């Protein structure tokens, strides 16, 4: 499988979120799957590093828009770079190029990736494939959304969001979750 991992560019080596992302990358690679990330720093780097060091294949999807915003190219653990011009093209490649996605904690970019993937599932614009969100933070965010604005969504829309407490559970759900 190709598994996209969404996450923040903020965590640095030595920080708990970086270590957790590196662990996830290693788990994915040792299970025989290819990792796709945004290809840059933070948890994208950590997942890439974990997968690469475990002998896995790492695809980094990079773009001109990000590099105009923040200097720097793909992280050193990316084996194959998929270069795009725009952020929207990058997001499309990360979503279309995977069989499942896992989201680590993150900021506006990660939230955008999750909600875009979710909306594409809702409107049947992509084939059904798992979207697994790790941690209590995402569970709380979407519980609050459902409580305050959930009447704007259909009950069936919520089935696409899969929550996992930890990395091993997230990988298991990404690989084995039945969406039918």
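Tell me the label-point distance for the pair residue 12, residue 31, using the 7 Å Cα-to-Cβ offset, in nm and rounded to one decimal.
Result for the modelled spin labels: 3.1 nm.
How tilted is helix 87-96 with respect to the longest principal axis of the chain? Cα atoms for both, answer in degrees (0 to 90, nearest 10).
The angle comes out near 80 degrees.
As a footprinting exposure proxy, order 45, 81, 113 by other Cβ within 10 Å, with the fewest listed first. Intermediate results must be reported in sequence, preceding the final value.
Details: 45 28, 81 14, 113 23.
So the ranking, lowest neighbour count to highest, is 81, 113, 45.
Where does the chain land at 222 nm, in deg cm²/dmol rounded to the nearest 500, when only DSSP H runs of n ≥ 4 count, each adding -39500 (n - 2.57), divided by all residues?
Details: 7 runs with 81 residues, N = 180.
Calculated at 222 nm, the ellipticity per residue is -14000 deg cm²/dmol.
Need one number: nm distance between label points at residue 96 and residue 80, each 7 Å from Cα along Cα→Cβ, rounded to one decimal.
1.6
For labels at residue 178 and residue 159 in the simple 7 Å Cα→Cβ model, what's the distance in nm?
Taking the simple label geometry, residue 178 and residue 159 are separated by 1.2 nm.
How far is helix 136-149 tilted, in degrees, relative to the longest principal axis of the Cα atoms in the chain, given as a value from 0 to 90 rounded to the nearest 10?
With both axes taken from Cα atoms, the answer is about 40 degrees.
What list do you get for 129, 92 if you sort them by fewest beta carbons within 10 Å?
Numbers: 129 20, 92 16.
Exposure proxy ranking, most exposed first: 92, 129.
How would you rank 1, 44, going from fewest to most other Cβ atoms within 10 Å of each one's own Cβ? Could the numbers behind the result be given before it?
Working: 1 14, 44 32.
Starting with the residue having the fewest Cβ neighbours, the order is 1, 44.
For residue 144 and residue 125 in one chain, what is 0.36 nm times their gap in residues minus the Cα-Cα distance, to one decimal in nm? The partial results should precede the final answer.
Values: separation 19, 0.36 × 19 = 6.84 nm, distance 2.60 nm.
Extra length available between residue 144 and residue 125 comes to 4.2 nm.
Can you give the angle from 0 to 90° between the axis of helix 167-176 and the longest principal axis of the chain, with both taken from C-alpha atoms, to the nearest 10?
For helix 167-176, the angle is close to 70 degrees.
I'm spelling it out carefully: the read-out is Cα extents along the principal axes in Å, the candidates are (1) 61, 53, 36; (2) 56, 36, 28; (3) 44, 33, 29, and one was derived from this structure. Which label?
Entry (3).
Values quoted throughout were computed directly from the atomic coordinates according to the rules given, and no laboratory measurement underlies them. None of these values were measured; they are calculated from a predicted model. As a convention, Cβ positions derive from the backbone with ideal geometry for all residues, glycine included, and neighbour counts pool all protein chains shown.
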